[in-house]
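*Asks:* My structure is below; once you've seen it, I'll send some questions.
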Amino acid sequence: MAAFPGLYRMTIMFAIFTGARIGEIMAIRWSDVDLDRGVVKIQRTVSTARVKGEITQDGHRWFDLKTRKGIREIPIPSELVLALRAWKE
C-alpha cells in the first residue's frame with residue numbers, strides 16, 4: 001500500500017525524511033508546511049490518550065508539545081517538497 005500514491009505513501013515518506021513522531025505527523029496542517037523554504041514546523045501533536053478528569057475517550061485530541069524545544073522547524077529535501085506539492089494539488 002505504501003508504494004501507491006496517496007495518504008499511506010505520503011505519511012511514510014514524511015516520517016522517513018523528517019524523523020518526526022507519528023503524532024506530530026498526523027497533526028501537521030498545510031499552514032505548518034513552507035514548500036518555498038523547504039521546511040515544516042512541528043508545533044502540536046495528536047493523541048487518543050485520555051485526559052485526566054474525562055470519563056469518555058471520543059476520537060483524537062490535539063495538544064501543544066510538552067516542551068519549547070519540541071517546537072521546531074525541520075528542513076525537508078526537494079524530493080519530499082515535490083511529493084507534497086503534487087499531494088496538495
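*Asks:* T48 to S78: FRET efficiency via 1/(1 + (r/R0)^6), r the Cβ-Cβ distance, R0 30 Å, to the nearest 0.05?
*Replies:* According to the calculation, E is roughly 0.35.
*Asks:* Does a label point 7 Å from the Cα of A86, set along Cα-to-beta-carbon, have any residues of region 1-41 with amide nitrogen under 18 Å, and which are they?
*Replies:* Answer for region 1-41: 1-18, 35-36.
*Asks:* Distance in nm between label sites at I22 and F4, each 7 Å beyond Cα in the beta-carbon direction?
*Replies:* 2.1
*Asks:* For the residues E24, E89, E79, what sequence is obtained by ranking on other C-beta atoms within 10 Å, fewest first?
*Replies:* In order of increasing Cβ crowding within 10 Å: E89, E79, E24.
*Asks:* Another question, if that's okay. Which loop trypsin sites (Lys or Arg not before Pro) in region 1-48, with loop taken from DSSP, have no more than 10 other Cβ atoms within 10 angstrom of their Cβ?
*Replies:* Passing sites in region 1-48 are R29.
Bear in mind these aren't lab numbers, they're just calculated from the coordinates by the rules spelled out. Here the structure is a predicted model, which means the values were calculated and not measured. Note: ideal-geometry Cβ built from the backbone for every residue, glycine included; neighbour counts use all protein chains shown.
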